[in-house]
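Chemist: Below you will find the structure I want to go over with you.
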Amino acid sequence: MNERERILDKYSARVFKNRKDHIVELDDSGMPKQIAANSRSVPGLMVNRGCCYAGCKGVVLGPLHDVVVLTHGPIGCGYYSWGTRRNKGRAEDGRNFMQYCFSTDMQEPDIVFGGEKKLKQAIKEIVEIFHPECIMICSTCPVGLIGDDTSAVAKWAEETYKVKCVAYSCEGYKGVSQSAGHHIANNGLMKHIIGSGEAKPDKKFAVNILGEYNIGGDGWESERLLKLIGYEVISVFTGDGSYEKIKNAHVANLNLLQCHRSISYIAEMMKTKYNIDWIKINFIGIDETIRSLREVAAYFNDPGINARTEEVIASELEEIEEDREYYREKLTGKTAGIFVGGSRSHHYQNLLADFGIKTLVAGYEFAHRDDYEGREVIPDIKLDADTKNIEQLTVEPDNRYYHLAIDKEHFDALKEKTDLEYYAGMFKDMGDGTITVDDFNHYETEKLLELFKPDIFYSGIKDKYMIQKSGTPSRQLHSYDYSGPYACFKGAINFARDTYMSIFTPAWNYITPPWYSKPTLEGRIGAEAIAGGEQNA
Ligand code: CFM
């Protein structure tokens, strides 16, 4: 029995049938392999996913510091998404609403008789107290169930208060994970915000950074480098981003796409609407940062930008050289497991490789097949009912702002050798007997630790302490355990330092993993349905 079969072995026939296609072993031949992804989790398995509302409100819209994001629903959803993601914001313009929790706090009578009145009252109070220029309403499950017309309320708010107001029907139950919420947020931003500013596309080296949420200050570090080289960063989606800036995102000449999963929809739509090309960059990892900076420079093909790019790379490398060598020596030969949401499990493998750490197992909570296998599989992905529930927005070219940054010949030449309009996915960087698990759960995490015994396991708060109790150091790659930034050159050293400290702390000598001292529980996971239950299944 190989490792994959040993993980699946404990499952009942019914659960096995579901999970077998979500767990793949990667060898060096026959890539890419197919994996089942973006489908419903098995009820009862403890998975790490979030909901649609989390993806829309928490992930994509939450970091916009000058926007009041109002949760329409009972207080729990607003409360539990209050400041729980570490997207940092500076708000030099004085408008920072990120530290507040805005919610309509629906009560039973609102559920029974409708919540629109309360929503209007909340907007009135927001306008009077905070004077924002933009309000975004995010719906939670009960709002969709009782049918409040939040778009009509948003329209009313725009007419009554002359503010921008956008409603997102991102009820938690939509789709199968937070991924659906990303898509809904992308659609809303595209429909109502991007292109609504007055700026004209007349800047030469103007870029947007898409899918950079400034966790632990990563966005600031990426922006610092880009500005040093000579780029103008028009807007960032959405880490330390603002309504003020993203409404003018259409004037950029190139979109740099960091997180493919959460925001590739906007990248594609901006290409159709404004002819802005996008390039898949990755500022996590030293070699990847260098590759990304060079590819962006190649796009603009300007002697000054090319020279500055090399100068910045050389000076950043020089600054970190000593630390880089130190940590590489300490960490080379170590092994890792890495499980994050929908893009970091790939990005951080590159950073780990910079320090000689091999990734043995990796996976995502909610990625789609293209994030694993590469964008070439997109035409083969069958849209199921859950996906069809999410609006597939189509956009048309906008003649006011449609502009050409490079000619076709240069575009075609670049497409050959760079990640222009392409993402290769995670699999191609793996292989060699490694295992990938989609929508991993607690049982599978325990089993992976037992079978692979990695020196460190990167994941999130939901499983961090379970991992540590097994005697394996765990670092959170969602919040960076309050450290960071981890992006670019200096960030790589921060990451190596934190990894080094985690692995080498003597605390691990005091812990004996459970499988060394007592037999693990026998039995099957996901029992067959008992009589009577089957009809409801
Ligand atoms: Fe993109 Fe993210 Fe991620 Fe994501 Fe996230 Fe995050 Fe993440 Mo947590 S947008 S897919 S929904 S890189 S919050 S900043 S760390 S799961 S891997």
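The values are calculated or read from the model by the stated rules, or taken from the named source; none is laboratory data. All values derive from a computational prediction rather than experimental measurement. Please note: Cβ atoms are built from the backbone with ideal geometry, for glycine as well, and neighbour counts cover all protein chains shown. For the accessible areas, the whole protein counts, side chains as well, though only heavy atoms, and no ligand, DNA or RNA atoms are used. Shrake-Rupley method; radii C 1.70, N 1.55, O 1.52, S 1.80 Å.
Chemist: Among the residues of region 12-32, is any at pLDDT 95 or above, closer than 29 Å to residue 360 by Cβ, open to solvent by 40 Å² or more (accessible area, probe 1.4 Å) and in contact with a Leu (Cβ under 7 Å, 6 or more places away or on another chain)?
Modeler: Within region 12-32, one or more residues are at pLDDT 95 or above, closer than 29 Å to residue 360 by Cβ, open to solvent by 40 Å² or more (accessible area, probe 1.4 Å) and in contact with a Leu (Cβ under 7 Å, 6 or more places away or on another chain).
Chemist: Can you give me the number of residues within region 103-126 that are open to solvent by 20 Å² or more (accessible area, probe 1.4 Å) and under 31 Å from the mean Cα position of the chain (by Cα)?
Modeler: 2
Chemist: If I filter region 215-270 down to residues being in contact with a Cys (Cβ under 6 Å, 6 or more places away or on another chain) and either more than 15 Å from the ligand (Cβ to nearest atom) or at pLDDT below 95 (or both), which single residue comes out as nearest to residue 315 (Cα to Cα)?
Modeler: Filtering region 215-270 for residues that are in contact with a Cys (Cβ under 6 Å, 6 or more places away or on another chain) and either more than 15 Å from the ligand (Cβ to nearest atom) or at pLDDT below 95 (or both), the one nearest to residue 315 (Cα to Cα) comes out as 225.
Chemist: So which of 386, 380, 432 ends up being open to solvent by 10 Å² or more (accessible area, probe 1.4 Å), at pLDDT 95 or above and away from the ligand (no atom under 16 Å from the Cβ)?
Modeler: 380
Chemist: I would also like to ask the following. Would you please name the residue that is surrounded by the fewest Cβ atoms within 10 Å (Cβ to Cβ), looking only at residues in region 64-75 that are closer than 29 Å to residue 111 by Cα and away from the ligand (no atom under 16 Å from the Cβ)?
Modeler: 75
Chemist: Sticking with this structure for a sec: Residues in region 189-196: is at least one among the polar types (S, T, N, Q), in contact with a Phe, Trp or Tyr (Cβ under 8 Å, 6 or more places away or on another chain) and either under 19 Å from residue 65 (Cα atoms) or assigned to a loop (DSSP other than H, G, I, E, B) (or both)?
Modeler: no
Chemist: Hey, residue 366 hits all of (1) of a type in the set (A, V, I, L, M, F, W, C); (2) open to solvent by less than 10 Å² (accessible area, probe 1.4 Å); (3) within 16 Å of the ligand (Cβ to nearest atom) but one; which does it fall short on?
Modeler: (2)
Chemist: How many of the residues in region 334-355 are away from the ligand (no atom under 13 Å from the Cβ) and either open to solvent by 60 Å² or more (accessible area, probe 1.4 Å) or polar (S, T, N, Q) (or both)?
Modeler: 3
Chemist: Please specify each residue of region 1-11 satisfying the condition of being surrounded by 12 or more Cβ atoms within 10 Å (Cβ to Cβ) and either in a helix (DSSP H, G or I) or hydroxyl-bearing (Ser, Thr, Tyr) (or both).
Modeler: 3, 4, 6, 7, 8, 11
Chemist: Mind counting the residues in region 76-95 that are open to solvent by less than 60 Å² (accessible area, probe 1.4 Å) and among the polar types (S, T, N, Q)?
Modeler: Residues that pass the stated criteria total 2.
Chemist: For region 196-209, what are the residues that are crowded, with 21+ Cβ neighbours inside 10 Å and not hydrophobic (A, V, I, L, M, F, W, C)?
Modeler: 208
Chemist: How many residues are open to solvent by less than 10 Å² (accessible area, probe 1.4 Å), within 21 Å of residue 88 (Cβ to Cβ), outside any loop (DSSP other than H, G, I, E, B) and not β-branched (Val, Ile, Thr) if we restrict to region 235-256?
Modeler: Final tally of qualifying residues: 4.
Chemist: Checking residue 294 against (1) in a helix (DSSP H, G or I); (2) under 21 Å from the mean Cα position of the chain (by Cα): exactly one of these is not met. Which one?
Modeler: (2)
Chemist: Collect the residues in region 341-366 that are of a type outside the set (S, T, N, Q), under 15 Å from residue 435 (Cβ atoms) and not in a helix (DSSP H, G or I), keeping them in residue-number order.
Modeler: Answer for region 341-366, where residues must be of a type outside the set (S, T, N, Q), under 15 Å from residue 435 (Cβ atoms) and not in a helix (DSSP H, G or I): 358, 360, 361, 362, 363, 364.
Chemist: Determine which member of the set 462, 358, 453 is within 16 Å of the ligand (Cβ to nearest atom) and surrounded by fewer than 20 Cβ atoms within 10 Å (Cβ to Cβ).
Modeler: 462
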